[in-house]
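Since every read-out is calculated from the coordinates, none of them should be taken as a lab result. Remember, predicted model here, so these are calculated numbers, not experimental data. Ideal geometry is used to build each Cβ from the backbone, glycine not excepted, and the neighbour counts take in all protein chains shown.
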Amino acid sequence: MIANIEQNLTEMNQKQRVFFRGYWITKREMQILITLTKGYTPIEISKELNIKRSTVQTHLHSLYDTFNLHSPQELVVLYYRGKVKEE
């Protein structure tokens, strides 16, 4: 029974995530990233997606941590170019 619960949770978690640039991120993080690339500010994103501004900020910080970035501009560059810094 516990194995079934764990399997169901794993399947649910996989359905709620997308693979982007070598990392798993949530579908909501992807929505926020796409909206950000359209030029929306965090306040506008919160209105567009009908979520609190603090929730947008939480997702943005999660994206920063995931990709080791520090600004919305870097996220946009990552989205379009696939990398931010030249190696």
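Listing for the model above:
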| quantity | calculated |
| --- | --- |
| Pair list, Cβ < 7 Å and 6+ apart or interchain, from the stretch 21-46 residues that are over 16 Å from residue 78 (Cα atoms) to residues that are crowded, with 17+ Cβ neighbours inside 10 Å | 28/59; 42/56; 42/60; 45/32; 45/35; 45/36; 45/56; 46/56 |
| Matching residues, the stretch 34-49, being under 13 Å from the mean Cα position of the chain (by Cα) and hydroxyl-bearing (Ser, Thr, Tyr) | 35, 37 |
| Residues of the stretch 32-87 satisfying the condition of being over 21 Å from residue 17 (Cα atoms), of a type in the set (S, T, N, Q) and outside any helix (DSSP H, G or I) | 41, 71 |
